[in-house]
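What follows is one structure encoded as structure tokens, with my remarks underneath.
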Amino acid sequence: MSDLRQQLEKLRDDGLAEIAAAADAAALDAVRVKYLGRKGAVQAAFEKLPTLPKEERPAFGALANQAREALAAALNDRKTAFEAGARKSGPKLDLTLPGRGTTVGRPHPITQIIDEVVHIFGRMGFAVADGPDIETEYYNFDALNTPAEHPARDIQDTFYLEGSGKRQGASGQSNRLLLRTHTSPVQVHVMEKQPPPVRVVVPGRCYRRDEIDATHHVNFHQFEGLYVDRNVSVANLKGDCEFFFKQLLGPETRVRFRPHFFPFTEPSFEIDLNSPMLRSRGKEWLEIAGCGMVNPRVFEYVGYDPEQWTGYAFGMGVERIAMVLYGIDDIRLFYENDLRFLRQF
Ligand code: PHE
């Protein structure tokens, strides 16, 4: 018994020494397996128990238990110490490193242009108006004097909302719903709500069933202008448009009017633009807007007296303007949310 007792005490002391000497958590675990594992030294000591005389077994058993507990406690202490050490040696604060900058966001280039346009027209006395993206066929076409058989109404060109009301022909108010194809329906909303004179600019999103390519998208932006007063003439239209484009794109910008047709203006024109940016890219005239004198038929729809009031209206594509201003040749870039592109503006 005294032999076995000595062996057990040595085993415990060796174990405690090895625990104290373990260099890291892995070494510590090896010590644990060696002493407390299923085939470890302490278990081996317990296995000697049946070989002892009966009266000696309780005292030896108690000793073996003490040894096991002492080792387990020491292992546990060391393990906690290693864990705390690991935390302490984690990433430290290095005050000599350069700071991490924050990026300040900015408005999308399309929003920047809209803001600029609104600002310029604001100085010319135009208020901002808006209208819904989902329109009725009445506002998008009928009240703008667009004939029932006009190709723009075709489902090939316009997004209609399924099962939404009835088409009633050019005479009735068609409440069939669609995504507006231009901002011109807002002309009608504004004139229905207020008596003349009117001077508004209307930025907004438009939708067309176009094949997507470098210059077309199913979703784009326009802004509409409407000026109704006594004695408004084509001279006002031309002068104001020219002033606007020079403000936006620089004094060397040139503007050209070509006769055109829109059902809601008469006479109608298309505006072509020529700017230093365009010239530097080897382009001559770029078609940028539609415009004209408000058709008296539209005045009749909204209850304005065409004998008293005249007006001009125009509509232009914001992406188009952005492309001219910044020399961008693919409209899709505006909608891809690629920060490498957007950060340039
Ligand atoms: N709405 C027309 C278009 O989208 C542009 C336009 C607006 C033309 C106002 C004349 C007057 O093409």
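The table below gives the values:
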| read-out | value |
| --- | --- |
| Segment 172-209, subset assigned to a helix (DSSP H, G or I) and within 12 Å of the ligand (Cβ to nearest atom), residue surrounded by the fewest Cβ atoms within 10 Å (Cβ to Cβ) | 188 |
| Filter pass, residue 250 being at positive phi, without any contact (Cβ under 8 Å) to a residue 60 or more places away in the chain and of a type outside the set (Val, Ile, Thr) | yes |
| Helices (runs of 4 or more DSSP H) wholly inside segment 274-345 that include at least 1 residues being within 32 Å of the chain's Cα centre (by Cα) | 276-280, 318-326, 339-342 |
| Residue 102 being in a loop (DSSP other than H, G, I, E, B) and either among the aromatic types (Phe, Trp, Tyr) or without any contact (Cβ under 8 Å) to a residue 12 or more places away in the chain (or both) | yes |
| Hits in segment 285-301 - residues which are more than 16 Å from the ligand (Cβ to nearest atom) and either crowded, with 19+ Cβ neighbours inside 10 Å or farther than 17 Å from residue 215 by Cβ (or both) | 300 |
| Some residue of segment 152-165 being in contact with a Pro (Cβ under 7 Å, 6 or more places away or on another chain), in contact (Cβ under 8 Å) with a residue 40 or more places away in the chain, within 12 Å of the ligand (Cβ to nearest atom) and outside any strand (DSSP E or B) | yes |
| Segment 247-265 - residue that is part of a strand (DSSP E or B) and near the ligand (Cβ under 10 Å from one of its atoms) and, of those, surrounded by the most Cβ atoms within 10 Å (Cβ to Cβ) | 265 |
| Failed item, numbered, when residue 282 is tested on (1) more than 18 Å from residue 328 (Cα to Cα); (2) more than 12 Å from the ligand (Cβ to nearest atom) | (1) |
| From the options 329, 305, residue that is closer than 29 Å to residue 231 by Cβ and away from the ligand (no atom under 16 Å from the Cβ) | 305 |
| Residue 117 vs. criteria modelled with pLDDT of 95 or more and of a type in the set (A, V, I, L, M) | yes |
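The values are calculated or read from the model by the stated rules, or taken from the named source; none is laboratory data. Nothing here was measured: the structure is a model prediction, and the numbers come from that model. Virtual Cβ from ideal backbone geometry, glycine too; neighbours counted across all protein chains shown.
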